[in-house]
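What follows is a short report on a single structure.
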Amino acid sequence: MEILNYLTPINVVTFFLLFIRISSFLSFLPFFNYVNIPMSAKAALSIWLSVLFFPIVPKVTFEINLLNLALAIFNEVTFAFFVGMALQLVFDILKYAAEQISFVMGFTMANVVDPNFGTQSTILSQFFNWIAILIFLSLGGDHLEINFIAKTFQELPFGAFFDYKNVYEYFIVYMSKYFMLGIGLAFPILAISLMSDIIFGMIMKTMPQFNLLVVGFPIKITIAFIVLIVILSSMMVMFTNILNDAFLAVLHFI
C-alpha cells in the first residue's frame with residue numbers, strides 16, 4: 001500500500017521525464033551513442049540512473065496533461081540532441097583532419113566500414129577515432145557527461161525550455177571554425193605533401209625517367225607517416241583543448 005500511495009501522478013510523470021532525459025542523452029552523447037554498445041545495456045543504465053537520481057531531482061511543476069507532456073518530451077529529446085551534436089563535432093573535426101591526411105597520402109580508396117556508426121571511413125579516420133576515444137575515456141569524459149546530466153536537473157527543470165539562442169550562436173560560431181580547426185590539425189602533413197609534390201615535379205623535369213608511381217608515392221607516404229608520428233601527440237593535445245571548450249560551451253545551453 002505504501003508503494004501505491006507513492007505512485008502519485010506527479011511522481012510518475014517526474015520519473016518518466018527523468019528516464020526520457022537520461023535515455024536521450026545516452027543516445028546522443030559521444031561514446032554512449034556508439035552502436036557497438038548494446039541497446040539493452042543502454043536501457044539498463046538509463047533505468048539505473050533514473051532510479052539513482054529520482055530522490056534528488058525536483059518534481060514537475062507544470063499542469064499534467066497530454067499537450068504539456070508531449071512538449072516536455074520533445075524539449076528533453078531536442079536538448080539532448082543539440083548537446084550530443086555539439087560534443088560529437090569535436091570528434092568529427094578529428095575525422096575531417098584524418099580524411100584530409102588520407103587524401104594527400106593516397107589512402108582515400110582504402111575505405112573500411114566504421115563499426116561505431118556503420119558508415120564508410122578511411123583507415124586513418126578509424127585510427128584517429130579510436131585514439132580520440134581512448135583519450136576521451138582517460139580524461140573521464142564519460143563521467144563528465146553523467147555529471148553534466150546531473151547538473152541539468154537543478155539548472156533545467158523538466159518541461160522547461162533551454163536557451164535556443166545560445167545553441168544557435170554556438171553552432172554558427174563553431175561551424176565557422178570547423179574547417180579551420182580540421183585543416184589546422186592536418187596542416188603539417190598537407191604542407192610536407194605539397195613540398196614533396198614540388199620536389200618530385202622538379203625531379204621529373206630534370207630526370208624524365210623518374211617513375212613517380214613506383215618511387216615517388218612510397219617516399220611521399222613514408223614522409224607523411226614520419227611527420228604524423230611526430231605531430232600525433234600535439235594533435236591529441238589540441239583535441240583535448242577543443243573537447244574541454246565544448247564541455248564548457250554546452251553548459252550555456254541550459
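Just so you know, in region 60-86 the residues that are more than 29 Å from the chain's Cα centre (by Cα) and touching a residue at least 60 places away in the same chain (Cβ under 8 Å) include one that is surrounded by the fewest Cβ atoms within 10 Å (Cβ to Cβ), and it is T61. Could you look through region 161-174, keep only residues that are touching a residue at least 12 places away in the same chain (Cβ under 8 Å) and surrounded by fewer than 15 Cβ atoms within 10 Å (Cβ to Cβ), and pick out the one that is nearest to I242 (Cα to Cα)? If we take residues in region 161-174 being touching a residue at least 12 places away in the same chain (Cβ under 8 Å) and surrounded by fewer than 15 Cβ atoms within 10 Å (Cβ to Cβ), then D163 is nearest to I242 (Cα to Cα). Please verify whether V250 is out of contact with any His (no Cβ under 9 Å at 6 or more places or on another chain), over 30 Å from Y164 (Cα atoms) and part of a helix (DSSP H, G or I), treating the condition exactly as stated. Taking the combined requirement at face value, the residue does not satisfy it.
When the test is whether a residue is aliphatic (A, V, I, L, M), crowded, with 16+ Cβ neighbours inside 10 Å and closer than 18 Å to E99 by Cα, A191 does not pass it.
I47: out of contact with any Phe, Trp or Tyr (no Cβ under 6 Å at 6 or more places or on another chain), surrounded by 15 or more Cβ atoms within 10 Å (Cβ to Cβ) and in contact (Cβ under 8 Å) with a residue 12 or more places away in the chain, yes or no?
Numbers: out of contact with any Phe, Trp or Tyr (no Cβ under 6 Å at 6 or more places or on another chain): yes; surrounded by 15 or more Cβ atoms within 10 Å (Cβ to Cβ): no; in contact (Cβ under 8 Å) with a residue 12 or more places away in the chain: yes.
Spelling it out, it is not the case that I47 is out of contact with any Phe, Trp or Tyr (no Cβ under 6 Å at 6 or more places or on another chain), surrounded by 15 or more Cβ atoms within 10 Å (Cβ to Cβ) and in contact (Cβ under 8 Å) with a residue 12 or more places away in the chain.
In region 227-254, of all residues being more than 19 Å from M105 (Cβ to Cβ), without any contact (Cβ under 8 Å) to a residue 40 or more places away in the chain and not small (G, A, S), the one that is surrounded by the most Cβ atoms within 10 Å (Cβ to Cβ) corresponds to N244. Within region 122-133, if we keep just the residues that are under 17 Å from S233 (Cβ atoms) and over 14 Å from the mean Cα position of the chain (by Cα), the residue that is surrounded by the most Cβ atoms within 10 Å (Cβ to Cβ) turns out to be L124. The numbered conditions (1) within 18 Å of A246 (Cα to Cα); (2) buried (at least 18 other Cβ atoms within 10 Å of the Cβ); (3) in contact (Cβ under 8 Å) with a residue 40 or more places away in the chain are all true for F158 except (1).
Evaluate the following for A97: is it in contact with a Lys or Arg (Cβ under 8 Å, 6 or more places away or on another chain) and either crowded, with 19+ Cβ neighbours inside 10 Å or part of a loop (DSSP other than H, G, I, E, B) (or both)? No; evaluated as a whole, the condition is false for this residue.
Only one of these is at pLDDT 85 or above and within 18 Å of the chain's Cα centre (by Cα): F136, F171, F179. Name it.
Working: F171 fails: at pLDDT 85 or above; F179 fails: at pLDDT 85 or above.
Answer to the selection: F136.
Being loosely packed, with under 12 Cβ neighbours inside 10 Å and either more than 20 Å from the chain's Cα centre (by Cα) or touching a residue at least 24 places away in the same chain (Cβ under 8 Å) (or both) is the filter here; which residues of region 18-40 pass it?
Initial filter on region 18-40 (loosely packed, with under 12 Cβ neighbours inside 10 Å): 35-36, 38-40.
The answer is V35, N36, S40.
Quick test for you: out of S46, S23, pick the one residue that is within 25 Å of A86 (Cα to Cα), in contact with a Lys or Arg (Cβ under 9 Å, 6 or more places away or on another chain) and modelled with pLDDT of 85 or more.
On the way: S46 fails: in contact with a Lys or Arg (Cβ under 9 Å, 6 or more places away or on another chain).
Being within 25 Å of A86 (Cα to Cα), in contact with a Lys or Arg (Cβ under 9 Å, 6 or more places away or on another chain) and modelled with pLDDT of 85 or more holds for just one of S46, S23, which is S23.
The values are calculated or read from the model by the stated rules, or taken from the named source; none is laboratory data. Quick caveat: nothing in here was measured; it's all calculated off a predicted structure. Please note: Cβ atoms are built from the backbone with ideal geometry, for glycine as well, and neighbour counts cover all protein chains shown.
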